[in-house]
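Student: Here's a structure for you.
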Amino acid sequence: METGYEIVLPPGYRRQDVLAFHGRDTEALAEQVGPERLRKGVLLDGVAVVLAVAFDDRTVRCTVDADGALTPALLGRAHEALLNILGLRIDPAAFGSLVRDDPLLGPLVARQPGLRIVQSATVFEALSWAIIGQQINLPFAIALRRSVIGLAGRRHASGLWCYPEAPDLARLPLDELLSRKFSRAKAETLLRLAQLVEAGTVVLERERPVAEFVQELLAIKGIGPWTVNYALLRGIGYPDCSLHGDVAIRTALHRLLGGAERPDIAATELLLARYAPHRTMAAAYLWASLGKTSD
């Protein structure tokens, strides 16, 4: 079943940032990006769904195409996913006002006004991607992600593959991932997370108190503060993530501040504290200063 509707875009909306983020996989297995269009496949409540968006000057035409009944609950999940992939969770205006006269980040905002945090379609996609991509280069991470989609995802009737949900990934044998060049630690953490989510021990819902979400994830072997903060940023759209453990953030601060050495994690945490409760946008601008989308 298929349905469509329009979303009015805010002034200054940067559609090219959205298209660039979702176009990183050049093989276009689960995302297809055109000059003004995007199609993304994702499993929602066990149903293969393709989310399609077509940009106009001030609006975006959204289409939800499900391989099955498009129930109100599923349509609600799809709408939430669309808000995520369009980067409409965090309004950048508050951060812009905060740093207007800030000597460090103010000039970055002035050069790129309206930068937005583009998210993964679901919290599970964001968290599993954080595990997949941690401490490896982006092309290798994308190749591993592609393997996960091919092993645990499902092809939509249109031909586009859909990113898996936790139950799909939880059923994978460890050896399947190891044979696709996953390290044992990365594969075990990924499967452990999927199995805990499937069992209901870990609940990945945007509406949960952040402190509970963080505590639950940090209790999982193999998941640390960086992974949790990345999941908060890309999965939930939490506006105050401190990415002080991120190497690129520290590199960006080093370039802006100068000096002989890159700030360490503790110093970076103190530097970012001044931008609370908008540290997520601070991270976005620091990544952008390096020409990165944050992976």
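The values are calculated or read from the model by the stated rules, or taken from the named source; none is laboratory data. Everything numeric here is computed off the predicted structure, so don't read it as measured data. Cβ atoms come from the backbone with ideal geometry, glycine included; neighbour counts cover every protein chain shown.
Student: Among the residues of the range 95-151 satisfying the criterion of being among the hydroxyl-bearing types (Ser, Thr, Tyr) and touching a residue at least 60 places away in the same chain (Cβ under 8 Å), which is surrounded by the most Cβ atoms within 10 Å (Cβ to Cβ)?
Tutor: SER128
Student: Still on this structure, please answer the following. Out of the residues in the range 190-215 that are assigned to a loop (DSSP other than H, G, I, E, B) and of a type in the set (Lys, Arg), state the one that is nearest to the chain's Cα centre (by Cα).
Tutor: So the residue we want is ARG206.
Student: Scan the range 272-284 and give yes if some residue there is outside the structural domain of ASN84 (by TED's automatic domain parsing), part of a loop (DSSP other than H, G, I, E, B), in contact with a Lys or Arg (Cβ under 8 Å, 6 or more places away or on another chain) and not aliphatic (A, V, I, L, M), otherwise no.
Tutor: no
Student: Now for a separate question. Checking the structure you have, find out if any residue of the range 257-264 is surrounded by 13 or more Cβ atoms within 10 Å (Cβ to Cβ), within 14 Å of PRO92 (Cβ to Cβ) and not assigned by TED's automatic domain parsing to the domain that holds HIS22.
Tutor: Looking through the range 257-264, none of the residues is surrounded by 13 or more Cβ atoms within 10 Å (Cβ to Cβ), within 14 Å of PRO92 (Cβ to Cβ) and not assigned by TED's automatic domain parsing to the domain that holds HIS22.
Student: For the range 12-25, enumerate the residues that are touching a residue at least 40 places away in the same chain (Cβ under 8 Å) and out of contact with any Leu (no Cβ under 9 Å at 6 or more places or on another chain).
Tutor: GLY12, ALA20, PHE21, ASP25
Student: Return the residue satisfying two criteria in turn: it lies in the range 41-59 and is part of a strand (DSSP E or B) and of a type in the set (Gly, Ala, Ser), and of such residues it is surrounded by the fewest Cβ atoms within 10 Å (Cβ to Cβ).
Tutor: Per the criteria, the residue is ALA54.
Student: Follow-up question, since we're still on this one. Could you say which residue among LEU160, LEU177 is touching a Leu at 6+ places or on another chain (Cβ under 9 Å), of a type outside the set (D, E, K, R) and either without any contact (Cβ under 8 Å) to a residue 40 or more places away in the chain or within 30 Å of LEU256 (Cα to Cα) (or both)?
Tutor: Being touching a Leu at 6+ places or on another chain (Cβ under 9 Å), of a type outside the set (D, E, K, R) and either without any contact (Cβ under 8 Å) to a residue 40 or more places away in the chain or within 30 Å of LEU256 (Cα to Cα) (or both) holds for just one of LEU160, LEU177, which is LEU177.
Student: With the condition kept exactly as written, say whether any residue in the range 219-238 is at pLDDT 90 or above and more than 21 Å from ILE132 (Cβ to Cβ).
Tutor: No, there is no match, as no residue in the range 219-238 is at pLDDT 90 or above and more than 21 Å from ILE132 (Cβ to Cβ).
Student: What's the number of the only condition in (1) under 23 Å from LEU29 (Cβ atoms); (2) without any contact (Cβ under 8 Å) to a residue 40 or more places away in the chain that LEU190 fails to meet?
Tutor: Exception for LEU190: condition (2).
Student: Residues being out of contact with any Pro (no Cβ under 9 Å at 6 or more places or on another chain) and either surrounded by 24 or more Cβ atoms within 10 Å (Cβ to Cβ) or outside any loop (DSSP other than H, G, I, E, B) (or both): count how many of those fall in the range 242-255.
Tutor: 7
Student: Would a scan of the range 194-217 turn up a residue that is under 17 Å from LEU144 (Cβ atoms) and among the small types (Gly, Ala, Ser)?
Tutor: There is at least one residue in the range 194-217 that is under 17 Å from LEU144 (Cβ atoms) and among the small types (Gly, Ala, Ser).
Student: Turning to a different aspect of this structure: Taking the stated definitions as given, is LEU38 in a strand (DSSP E or B), without any contact (Cβ under 8 Å) to a residue 60 or more places away in the chain, surrounded by 19 or more Cβ atoms within 10 Å (Cβ to Cβ) and in contact with a strand residue (DSSP E or B) (Cβ under 9 Å, 6 or more places away or on another chain)?
Tutor: For LEU38, the condition - in a strand (DSSP E or B), without any contact (Cβ under 8 Å) to a residue 60 or more places away in the chain, surrounded by 19 or more Cβ atoms within 10 Å (Cβ to Cβ) and in contact with a strand residue (DSSP E or B) (Cβ under 9 Å, 6 or more places away or on another chain) - is met.
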